[in-house]
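For reference, the structure discussed in these notes is given below.
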Amino acid sequence: MEKIKITFPDGAIREYNKGTTALEIAQSISEGLARNVLSAKVNDKVQDATLPIHEDATLQLLTWKDAEGKATFWHSSAHLMAEAIEALYPGTKFGIGPAIENGFYYDIDTGDKILSQDDFAKIEAKMLELARQKNEYKRMEISKADAIEYFTKKGDEYKLELLERLNDGEITFYQQGNFVDLCRGPHIPNTGFIKAVKLMNVAGAYWLGKTDRKQLTRVYAITFPQEKELKEYLQVLEEAKKRDHRKLGQELELFTFSDNVGKGLPLWLPKGTLLRERLEQFMRKAQMKAGYSPVVTPHIGSKKLYETSGHWEKYGADSFQPIHTPEEDELFMLKPMNCPHHCEIYKSKPRSYKELPLRLAEFGTVYRYEQSGELHGLTRVRGFTQDDAHIFCTPEQVREEFGKVIDLVLYVFKSLGFTEYTAQISLRHQTEREKYIGREEDWDKAEADIQAVAQEKGLQTVVAYGEAAFYGPKLDFMVKDALGRKWQLGTVQVDYQLPQRFNLEYIGADNQKHRPVMIHRAPFGSLERFIAVLTEHCGGNFPLWLAPEQIAILPISERFNEYAHNLLKILAEKDIRGFVDDRDEKVQRKIRDAEVKKIPYMLIVGEKEQESFSVAVRKHGQGDLGSKPVEQFIDEFQAEIQQAFI
């Protein structure tokens, strides 16, 4: 029997018979491992664990612990849900059913039947009944003619439309039980892996995301290999509802939205503006220390600017459309990104290698058109402010500058309590290179530099092929919040292309013209998204230095209002922000209201405090800390803030 060599993630190499499957390899290692294998990554491509391997290959066995394993599990669950729905509601037609970050959805057309949450229990029960049958997910290669014939007989115009884009030799069906679907896979070995099911939501979704097409019913669901994992997930969801930044944003009076202003355009209220400004001040201080120069650019730019950068060709059709002026053929764009403006600042005068690296930083507001159905609080908006900066440097300076940016990002995370994160190295797609601009050698060097610096910094990394920007590879920081959810926040990108497109130059030590390299970076990403994630991470209990209102002074009666207001002035001089609650209410009511507003410190004052120039201190979530002289409170307060930056 002809042999093939299989290389495992730890570098070990073993020989197996040609045509063996990943599942059989897992069984040769241990039956326990085999019972947990959901799919396999063969030569960096995820496929069914039951597919034969015919040549030497690298192999990673994917389980529930792997992101690709979960994606396979949930995509297979989407097929199971479709089978259950078809069994319960014959004649249902199916669009697409992908895995998503948490679970999966399927877009369906149930005809006259209106599917609602009242149907969820019945569908869940049917899914579990079918799962227990342990039906195998069978992969079938099929001709385009036969595929068209099958879905024509079934009367499913959605699958027929999907088939129009496919060619003979690239069409596969998957069948489990009585359900057959057009699908490229991969899938788990059988339905028996699915032990817990929960349908989450139902919504409308236009076919293929186009508003001029029919609106289908999108059913969201999630499944798990164990019932206890579903229970834990639902508990996290309940906590997430309490921490939802949209809910807290309203309760804490941080921001609002107005349909009269426009969807996806946040309005920052005074307290939210204070929060933003503190974050900006924090970043400006760190940037100045790191050698950045502040710049300001307009909110609009000539369409020609974005044609030069390549952004118009890449994103123009899906952006806010050009602004016409009274002058013929004069077109402007709402600024979708800051980098082309910064390139023009670089070009404003001749540059020497002695000036490099040149680091230009801006809190620049940009505008990107997002579909209304994709807008979500502050995490997905149409107007947002980036803590943007662009570093223009020599090719020899790239690694050092990239490393310094990583240091800045990690300083931000530490100062704001994000302790768990993964650095995603986002590279080109391994085969579909037409998506990207620029020379292969420049891309090779940029990708090598990013990987080398990430390794040098000891970052926990994952490689994501196909996730690079169209002009260069990047390092995206995936941060885990207090509920274990992952968010993409800071990003750093290496770019050889924009300096080329804008004809940027510097005179080198050899007195010749050279092309600089451009590093894009945004540690926050955007203030809107960062504040949303931070709000949910800390449940609205912002770090003391960042809280819009740090103290509430609560006089126990109106006799002590004057002392309270004088105290507020003294604390304000020490950069301690707060207010006096001098309402005609009992102090217990004032305390309760301050707790609801998540004010870090409550300073209760009465006759004893007035006479001794002291305050009775109460800390949010902890209770009474006793009476303290005002000077002692100030010292301890400032020490607590300083501790956050050590």
(request) Look at region 99-113 and say how many of its residues are assigned to a strand (DSSP E or B) and surrounded by 14 or more Cβ atoms within 10 Å (Cβ to Cβ). (result) 8
(message) Against the condition under 30 Å from Thr385 (Cα atoms), touching a residue at least 24 places away in the same chain (Cβ under 8 Å) and either exposed (fewer than 15 other Cβ atoms within 10 Å of the Cβ) or aliphatic (A, V, I, L, M) (or both), how does Ile576 come out, does it pass?
(response) yes
(message) Just to be sure I understand, how many residues within region 547-561 are in contact with a strand residue (DSSP E or B) (Cβ under 7 Å, 6 or more places away or on another chain) and either more than 30 Å from Gly383 (Cα to Cα) or surrounded by 24 or more Cβ atoms within 10 Å (Cβ to Cβ) (or both)?
(response) 8
(request) Can you tell me which residue within region 596-635, out of those that are without any contact (Cβ under 8 Å) to a residue 40 or more places away in the chain and among the basic types (Lys, Arg), is farthest from Gly578 (Cα to Cα)? (result) Lys608
(request) Would you check if there is a residue in region 177-191 being buried (at least 16 other Cβ atoms within 10 Å of the Cβ), in contact (Cβ under 8 Å) with a residue 40 or more places away in the chain, more than 30 Å from Asn36 (Cβ to Cβ) and not hydroxyl-bearing (Ser, Thr, Tyr)? (result) no
(request) Specify which of the listed residues (Ile85, Ile96) is modelled with pLDDT under 95 and not assigned by TED's automatic domain parsing to the domain that holds Thr21. (result) Ile96
(message) One residue is enough: does region 103-125 have a residue meeting the conditions under 20 Å from Glu229 (Cβ atoms), out of contact with any Leu (no Cβ under 6 Å at 6 or more places or on another chain), at pLDDT below 95 and of a type in the set (Val, Ile, Thr)?
(response) no
(message) Whether any residue in region 231-245 is farther than 26 Å from Ala532 by Cβ and not in a strand (DSSP E or B) is what I want to check.
(response) yes
(request) Return the only residue of Trp64, Trp74 being modelled with pLDDT of 95 or more, in a loop (DSSP other than H, G, I, E, B) and within 26 Å of the chain's Cα centre (by Cα). (result) Trp64
(message) Any residue in region 316-334 that is under 15 Å from Val366 (Cβ atoms) sitting within a Cβ distance under 9 Å of a residue that is at pLDDT 90 or above and of a type in the set (S, T, N, Q)? List the pairs, counting only those 6 or more apart or interchain.
(response) Phe332/Ser302; Met333/Ser302
(request) State whether the residues of region 210-228 include one that is at positive phi and touching a residue at least 40 places away in the same chain (Cβ under 8 Å). (result) no
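Residue-by-condition table, conditions (1) crowded, with 18+ Cβ neighbours inside 10 Å; (2) within 30 Å of Asp259 (Cβ to Cβ); (3) acidic (Asp, Glu):
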{"residue": "His376", "(1), (2), (3)": "no, yes, no"}
{"residue": "Arg382", "(1), (2), (3)": "yes, yes, no"}
{"residue": "Ile391", "(1), (2), (3)": "yes, no, no"}
{"residue": "Val405", "(1), (2), (3)": "yes, no, no"}
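Yes/no per residue for (1) free of Cβ contacts under 8 Å to residues at least 24 places away in the same chain; (2) under 27 Å from Leu279 (Cβ atoms); (3) in contact with a Lys or Arg (Cβ under 6 Å, 6 or more places away or on another chain); (4) among the hydroxyl-bearing types (Ser, Thr, Tyr):
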{"position": "Ala452", "(1), (2), (3), (4)": "no, no, no, no"}
{"position": "Leu475", "(1), (2), (3), (4)": "no, yes, no, no"}
{"position": "Val479", "(1), (2), (3), (4)": "no, yes, no, no"}
{"position": "Gly484", "(1), (2), (3), (4)": "no, yes, no, no"}
{"position": "Tyr496", "(1), (2), (3), (4)": "no, no, no, yes"}
{"position": "Gln500", "(1), (2), (3), (4)": "no, no, no, no"}
{"position": "Glu505", "(1), (2), (3), (4)": "no, no, yes, no"}
{"position": "Val517", "(1), (2), (3), (4)": "no, no, no, no"}
{"position": "Leu527", "(1), (2), (3), (4)": "no, yes, yes, no"}
(request) Among the strands (runs of 3 or more DSSP E) lying completely within region 430-515, list those that include at least 1 residues that are within 23 Å of Asn338 (Cβ to Cβ). (result) 474-480, 486-495
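Residue by residue, here is whether (1) closer than 30 Å to Met1 by Cα; (2) in contact (Cβ under 8 Å) with a residue 40 or more places away in the chain holds:
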{"residue": "Val46", "(1), (2)": "yes, yes"}
{"residue": "Pro52", "(1), (2)": "yes, no"}
{"residue": "Glu55", "(1), (2)": "yes, yes"}
{"residue": "Leu59", "(1), (2)": "yes, yes"}
{"residue": "Lys93", "(1), (2)": "no, yes"}
{"residue": "Asn102", "(1), (2)": "no, yes"}
{"residue": "Asp107", "(1), (2)": "no, yes"}
{"residue": "Lys113", "(1), (2)": "no, no"}
{"residue": "Gln117", "(1), (2)": "no, yes"}
(request) Go over the candidates Lys435, Lys457, Lys414 one by one and state the one that is touching a Phe, Trp or Tyr at 6+ places or on another chain (Cβ under 8 Å) and surrounded by fewer than 19 Cβ atoms within 10 Å (Cβ to Cβ). (result) Lys435
(request) Report whether or not Lys65 is surrounded by fewer than 19 Cβ atoms within 10 Å (Cβ to Cβ) and either within 29 Å of Met200 (Cβ to Cβ) or assigned by TED's automatic domain parsing to the domain that holds Asn135 (or both). (result) yes
(message) Of everything in region 1-28, what is farther than 16 Å from Gly69 by Cβ and in a helix (DSSP H, G or I)? Give them in sequence order.
(response) Glu24, Gln27, Ser28
(message) Testing Leu334 on (1) within 30 Å of Leu410 (Cα to Cα); (2) of a type in the set (A, V, I, L, M); (3) surrounded by 15 or more Cβ atoms within 10 Å (Cβ to Cβ), one condition comes back false. Which one is that?
(response) (1)
(message) Residues to consider are Leu568, Leu544; find the one that is at pLDDT below 95 and either in a strand (DSSP E or B) or surrounded by fewer than 21 Cβ atoms within 10 Å (Cβ to Cβ) (or both).
(response) Leu544
(message) Looking at region 244-256 only, could you name the residues that are under 24 Å from Gly373 (Cβ atoms) and surrounded by fewer than 19 Cβ atoms within 10 Å (Cβ to Cβ)?
(response) Asp244, Arg246, Lys247, Gln250, Thr256
(message) Looking only at residues that are among the aliphatic types (A, V, I, L, M) and outside the structural domain of Ile450 (by TED's automatic domain parsing) in region 508-546, which one is farthest from the chain's Cα centre (by Cα)?
(response) Leu544
(message) All but one of (1) at positive phi; (2) exposed (fewer than 15 other Cβ atoms within 10 Å of the Cβ); (3) part of a loop (DSSP other than H, G, I, E, B) hold for Glu585; state the number of the condition that does not hold.
(response) (1)
(request) Please give the number of the condition Pro298 fails out of (1) surrounded by 14 or more Cβ atoms within 10 Å (Cβ to Cβ); (2) farther than 28 Å from Tyr411 by Cβ; (3) touching a residue at least 40 places away in the same chain (Cβ under 8 Å); (4) not aliphatic (A, V, I, L, M). (result) (1)
(request) Tell me, please, whether a residue that is among the small types (Gly, Ala, Ser) and under 24 Å from Thr50 (Cβ atoms) can be found in region 148-155. (result) no
(message) Filter region 114-132 down to the residues that are surrounded by fewer than 12 Cβ atoms within 10 Å (Cβ to Cβ) and either under 27 Å from Thr50 (Cβ atoms) or polar (S, T, N, Q) (or both) and list them by number.
(response) Ser116, Gln117, Glu129
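Every residue, every condition in (1) surrounded by fewer than 19 Cβ atoms within 10 Å (Cβ to Cβ); (2) within 26 Å of the chain's Cα centre (by Cα); (3) not acidic (Asp, Glu), yes or no:
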site	(1), (2), (3)
Lys303	yes, no, yes
Thr308	yes, no, yes
His311	no, yes, yes
Tyr315	yes, yes, yes
Asp329	yes, no, no
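The values are calculated or read from the model by the stated rules, or taken from the named source; none is laboratory data. None of these values were measured; they are calculated from a predicted model. All Cβ positions, glycine included, derive from the backbone under ideal geometry; neighbour counts span all protein chains shown.
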